[in-house]
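Let me begin by presenting the structure, written as structure tokens, before commenting on it.
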Amino acid sequence: MNNVFITIKKELRTILRDKKSLMMMLITPIMIPLFIFIFSYVYDKLMNTSENEKYYVGINYNLNDIEKNLISENIEIKYYENKDDMQKAYETNKIDAYVIKTNENYDIYANDKTKNSSLASNYFANFLSNYNDYLAQNYLSEIGADFNKVYKNITYNYVNLSGSDDLINTIVTMGFIFAVMAISLTAIYTATDIIASEKERGTLETILTFPIKNEELIIGKYLSIVISCLITSIISMVLTVVSFIIASKMFNIYKEATLNFNFSTITMGLLIMFAFSIFVSGLCIFIASKTKSYKEAQSSLTPVSLFTMIPMILDTLGIKMNLTLSLIPIVNHATFLKMIFCQNIGKNDIMNMLSMFISTIIYSIILIILISKDYKTEKVLFSN
């Protein structure tokens, strides 16, 4: 056991001396708040329209006094003689949409894929609806009919099925994917440094002649990477939680969202990050031990960090956590991180989470056993 501690001490010293490993372990998590604030700002701008914001609509006719009173304050009307002039004005961004009136028919020209153009057309369409109601009410009054009896008053509430929570889920998913990616990058660079570099320098052959069991050597190297990942996990969790708390005070999109940042969820989040650290450390050592050089190890380990993007794809497709997904490493860790902070955890979720922890331990043990077998032979020195 003493040899394990000596190995851990030696490898941690090596990791701390390597600038790339140190940068991944400490500096990469600092990028998380930047991503969170950028995404929050962009989504906030897309989802929220200022009450004082003006949208410009070109028309080919003069508004009467009634129309002027009914039109929204958000609409600024610009008058043009013909469609060609309006088309040129639209193409040069002088107007957001334009309307051609022919007799009592109105053709609204707008681009639904553009925010300003879409909103301008919606405001004008609402204005036309209100104006049409006014004309109908005025006509019925002239013939002595009661408008309220002819037209039934219908009330409705708009319920957005996607909701602001779905938007927040996306941002939270992104935030924790970056956190998981930071941990995986730490594992990649530390494993590359203490496994592949030793092969490249030719020092591994010497180390294997020392009076230390191969299992102790592997466990020492493995735990040194786990410790590095745990440091990144704690930094990432603190920065992620603090960033979301600050963002929730700064941006309107968080006002109606449900974010479960409390002691129990943060503790659970750290446990999931620790579980991920345990697995990804073993995976990176296993892959690095199969390579012959530093560059080969880096290229072979790169897909590990890219694999963390899969939860974002699953979230976009609307695929929910189930028993099968809970057994898929990396995907289960990132998905559960998002879940505990964005939604209430049910009984099935707890069972799936338990499956994740058990499977992570099993996978990690299998990886360590496989690595130990390689280190017992000369195969590890001449990996293809």
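Coordinate-derived values only; no laboratory data. Keep in mind that what you see is a predicted model, and the values were worked out from it rather than measured. Don't worry about glycine lacking a Cβ; one is built from the backbone with ideal geometry, like all the others, and counts go over all protein chains shown.
Subtracting the Cα-Cα distance from 0.36 nm times the residue separation, let me have the gained length for PHE5 to ASN103 in nm, one decimal.
Length difference between fully extended and current span is 26.4 nm.
Calculate, for MET31 and GLU81, the FRET efficiency according to 1/(1 + (r/R0)^6) with r their C-beta to C-beta distance and R0 51 Å; round to the nearest 0.05.
For R0 = 51 Å, the calculated efficiency reads 0.40.
Relative contact order of the range 2-143: what whole-number percent is it, with Cα pairs under 8 angstrom and at least 6 residues apart?
Relative contact order, the range 2-143: 19 percent.
For the pair THR114 and LEU22, how long in nm is the line joining their label points, each one 7 Å along Cα→Cβ?
Here the answer is 5.2 nm between the modelled labels.
Check each of the trypsin sites (Lys or Arg not before Pro) in the range 248-305 and keep only those in coil by DSSP with at most 12 other C-beta atoms within 10 angstrom; list them in order.
LYS255
Assuming R0 = 25 Å, can you tell me the calculated FRET efficiency for the pair SER264 and LEU323, based on Cβ-Cβ distance, to the nearest 0.05?
E between SER264 and LEU323, to the nearest 0.05, is 0.60.
Show me the ranking of peptides 103-114, 222-233, 23-34, 76-87 by mean Cβ neighbours inside 10 Å, starting with the highest.
Per-residue Cβ counts within 10 Å, averaged per peptide and sorted highest first, yield 222-233, 23-34, 76-87, 103-114.
Quickly work out the LYS94-to-ASP133 label distance, labels modelled 7 Å from Cα along the C-beta direction, and quote it in nm with one decimal.
3.4
What is the gain in length, in nm to one decimal, between ILE310 and LEU354 on full extension, counting 0.36 nm per residue of separation less the C-alpha to C-alpha distance? Intermediate results must be reported in sequence, preceding the final value.
On the way: separation 44, 0.36 × 44 = 15.84 nm, distance 2.09 nm.
Taking 0.36 nm per residue and subtracting the Cα distance, the gain is 13.7 nm.
Taking 19 Å as the cut-off for C-alpha to C-alpha distance, list the pairs among LYS20/LYS373; LYS249/LYS320; LYS290/LYS373; LYS10/LYS199; LYS19/LYS213; LYS54/LYS78 that go past it. Intermediate results must be reported in sequence, preceding the final value.
On the way: LYS20/LYS373 29 Å; LYS249/LYS320 29 Å; LYS290/LYS373 12 Å; LYS10/LYS199 16 Å; LYS19/LYS213 30 Å; LYS54/LYS78 12 Å.
Beyond 19 Å between Cα atoms: LYS20/LYS373; LYS249/LYS320; LYS19/LYS213.
For the range 51-150, what value does the Rg/Rh ratio take when both radii are computed over Cα atoms and Rh is the Kirkwood radius, given to two decimals? Before the final figure, lay out the partial values.
Working: Rg = 15.1 Å, Rh = 14.5 Å.
Using Cα coordinates only, the ratio equals 1.04.
Can you tell me the equivalent ellipsoid semi-axes for the range 1-47? Use √(5λ) from the Cα gyration tensor, largest first, whole Å.
One finds semi-axes of 40, 11, 4 Å for the range 1-47.
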